[in-house]
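The values are calculated or read from the model by the stated rules, or taken from the named source; none is laboratory data. If you're wondering where the values come from, they're calculated on a predicted model, not measured in any experiment. For neighbour counting, all protein chains shown are included, and Cβ atoms are generated from backbone atoms with ideal geometry for every residue, glycine included. All accessible areas refer to the heavy atoms of the entire protein, side chains included, with ligands and DNA or RNA removed. Shrake-Rupley method; radii C 1.70, N 1.55, O 1.52, S 1.80 Å.
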Amino acid sequence: MRIDVLTLFPEMFASPLEHSILKRAREAGLLDVQTTDIREFTFDRYRQVDDSPYGGGPGMVMKPEPIFRAVEALASEPPPPDRVILFTPLGRRFKQEVAGELASCERLVLLCGRYEGIDERVHRHLVTDELSIGDYVLTGGELPALVVIDAVARLLPGVLGKDESAASETFAEHLLEYPHYTRPPDFRGWTVPEVLLSGDHGAIARWRREESLRRTLRHRPDLFLQHELTDEDRKLLGLTPPKTGRKRSAGGS
Ligand code: 4GX
């Protein structure tokens, strides 16, 4: 996958892309991230990327011309971008499902805004998708772009090893992870649950599943409601399976 990032601060991307899994994915040729400085597409004496808002008011607005020129220059190289994404607090919330959609694209353009905003004509005539990573105000779209790159990269085939990718399945199911333990079995008097030391793989799997379900219900009831309970899940939670094809008798035993 190729990802082009348009930003006024390309150096913000260096370190995250040069470590751990993102570094490995790039070295393996699975992910190609190119940053472009929007300022390179200004042709005036002052290399101006922002200007005061029409109608007055505080703050500055990003000018449309350098952004259009930059996106058009990138789009002229094949393959054409599948999406041109802008980060803004009023965008669609970035969730695991969206990461999954983006991971199936061949090429993305991520546009990082600064200041009070971007000229509306960029939103209307250049951008295909607007995304928000959450309800808080950031100073620019660079950190959201890195969040998206990270979440999408780990879904690309071959980026995670077999062991690493198995752990991703719970979130896809709208469940939180079960608790993890490693050595020592007793740390400052805090012990590891007996079942994990038992060697009984069936019992361990059931314990983990129940912990996932109970944690999700307690900490993220919104996610729990999206999870489709299996018959095994109902059993673990002590719920009676829903009866099919028979009506409950009125007051009967
Ligand atoms: N999730 N921000 C973008 C500048 C801006 C404003 C309007 C375009 C249009 C944010 C978030 C976020 C702050 C990034 C304002 N650019 N982006 N920036 N939360 O708060 O995505």
For the range 181-208, pairs from a residue that is closer than 20 Å to GLU169 by Cβ to a residue that is part of a loop (DSSP other than H, G, I, E, B) and open to solvent by 100 Å² or more (accessible area, probe 1.4 Å), with Cβ under 8 Å and 6 or more apart or across chains, are LEU196/TYR181
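Yes or no, residue by residue, for (1) part of a helix (DSSP H, G or I); (2) closer than 23 Å to ALA151 by Cα; (3) within 30 Å of the chain's Cα centre (by Cα):
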site	(1), (2), (3)
THR170	yes, yes, yes
HIS174	no, yes, yes
HIS180	no, yes, yes
LEU196	yes, no, no
SER212	yes, yes, yes
THR216	yes, yes, yes
ASP233	yes, no, yes
Count of residues meeting criterion [in contact with a helix residue (DSSP H, G or I) (Cβ under 8 Å, 6 or more places away or on another chain) and surrounded by 16 or more Cβ atoms within 10 Å (Cβ to Cβ)] in the range 35-63 = 8
The number of residues in the range 129-184 that are out of contact with any helix residue (DSSP H, G or I) (no Cβ under 6 Å at 6 or more places or on another chain), among the charged types (D, E, K, R) and within 9 Å of the ligand (Cβ to nearest atom) is 2
Filter result for the condition that a residue is over 20 Å from GLN96 (Cβ atoms), of a type in the set (A, V, I, L, M), modelled with pLDDT of 95 or more and surrounded by 13 or more Cβ atoms within 10 Å (Cβ to Cβ), over LEU197, LEU213, LEU176, LEU236 = LEU236
So which of ARG121, ARG107 is under 24 Å from GLU72 (Cα atoms), touching a residue at least 40 places away in the same chain (Cβ under 8 Å) and buried (at least 17 other Cβ atoms within 10 Å of the Cβ)?
-> ARG107
Keeping to the range 3-31, report how many residues are touching a Pro at 6+ places or on another chain (Cβ under 8 Å) and open to solvent by 10 Å² or more (accessible area, probe 1.4 Å).
-> 2
For the range 74-95, name all the residues that are surrounded by fewer than 14 Cβ atoms within 10 Å (Cβ to Cβ) and away from the ligand (no atom under 13 Å from the Cβ).
-> SER76, GLU77, PRO78, PRO79, PRO80
From the set of residues in the range 113-123 that are touching a Phe, Trp or Tyr at 6+ places or on another chain (Cβ under 9 Å) and more than 7 Å from the ligand (Cβ to nearest atom), which is nearest to ILE67 (Cα to Cα)?
-> VAL122
On the given criteria, is LEU126 over 17 Å from the mean Cα position of the chain (by Cα) and either more than 15 Å from the ligand (Cβ to nearest atom) or surrounded by 15 or more Cβ atoms within 10 Å (Cβ to Cβ) (or both)?
-> yes
Somewhere in the range 103-119, is a residue modelled with pLDDT of 95 or more and under 30 Å from LEU217 (Cβ atoms)?
-> yes
Taking the range 132-174 and keeping residues charged (D, E, K, R) and under 30 Å from ASP37 (Cβ atoms) leaves ASP135, GLU142, ASP150, ARG154
